[in-house]
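*Asks:* Have a look at this one before I ask anything.
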């Protein structure tokens, strides 16, 4: 009986020591080491790829955001601000928990390619984007008409950014050539030269636009 008790006590002691050691290693040392390496080697990415403007956080380059006026249209939707480059449309507001770029919930519309609702939505977006930017409907690129899978895509195509340059320049009282150059300066190439498509980060572009307008 005494041998059994001693054996059990040794096993419990060994188990508690193992628990303590693993807790220190896995719960303290490892997280601190990973955090330290991340902060030292990937400081910006470790902190959410934050973009600052004027010493304040302007958002994350990984998440899209809206650029709207206080006014709303007849349907109650915020009107886009003509002074800023606009992001892709967001389908994340198709539920009661989110209103588009509020970031409470993200997601796509999940509408099929032959959906009549999708076709009507795309048609309306084409008309609205063309009228807002003063261009022909046929010149509106596809990423301006469709919403991303996440609903918070931070990037637009260079073609969509170029299409908006004239309107943005006029609204800010800037030379169109300077705004067009600003767009070209913010075109990011394909990842590793062959993956994905060329893109423009809307937040970075708008931060640079504000700096240009303030000069």
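The values are calculated or read from the model by the stated rules, or taken from the named source; none is laboratory data. Nothing here was measured: the structure is a model prediction, and the numbers come from that model. We place every Cβ from the backbone using ideal geometry, glycine too, and count neighbours over all the protein chains shown.
*Asks:* From the residues in the stretch 29-56 that are in contact with a strand residue (DSSP E or B) (Cβ under 8 Å, 6 or more places away or on another chain) and touching a residue at least 12 places away in the same chain (Cβ under 8 Å), which one is surrounded by the fewest Cβ atoms within 10 Å (Cβ to Cβ)?
*Replies:* Result: 48.
*Asks:* If only one of 158, 175 is surrounded by fewer than 13 Cβ atoms within 10 Å (Cβ to Cβ) and out of contact with any helix residue (DSSP H, G or I) (no Cβ under 6 Å at 6 or more places or on another chain), which one is it?
*Replies:* Among 158, 175, only 175 is surrounded by fewer than 13 Cβ atoms within 10 Å (Cβ to Cβ) and out of contact with any helix residue (DSSP H, G or I) (no Cβ under 6 Å at 6 or more places or on another chain).
*Asks:* Find the residue count for the stretch 190-215, including only residues that are surrounded by 12 or more Cβ atoms within 10 Å (Cβ to Cβ) and more than 16 Å from residue 169 (Cα to Cα).
*Replies:* The total comes to 7.
*Asks:* From the list 76, 59, which one is outside any helix (DSSP H, G or I), under 25 Å from the mean Cα position of the chain (by Cα) and exposed (fewer than 10 other Cβ atoms within 10 Å of the Cβ)?
*Replies:* Of the residues listed, the single one that is outside any helix (DSSP H, G or I), under 25 Å from the mean Cα position of the chain (by Cα) and exposed (fewer than 10 other Cβ atoms within 10 Å of the Cβ) is 76.
*Asks:* Using the structure shown, decide if residue 146 is outside any helix (DSSP H, G or I) and out of contact with any helix residue (DSSP H, G or I) (no Cβ under 6 Å at 6 or more places or on another chain).
*Replies:* Yes, satisfied.
*Asks:* Assess whether residue 109 counts as being farther than 24 Å from residue 59 by Cα, at pLDDT below 85 and in a loop (DSSP other than H, G, I, E, B).
*Replies:* It is true that residue 109 is farther than 24 Å from residue 59 by Cα, at pLDDT below 85 and in a loop (DSSP other than H, G, I, E, B).
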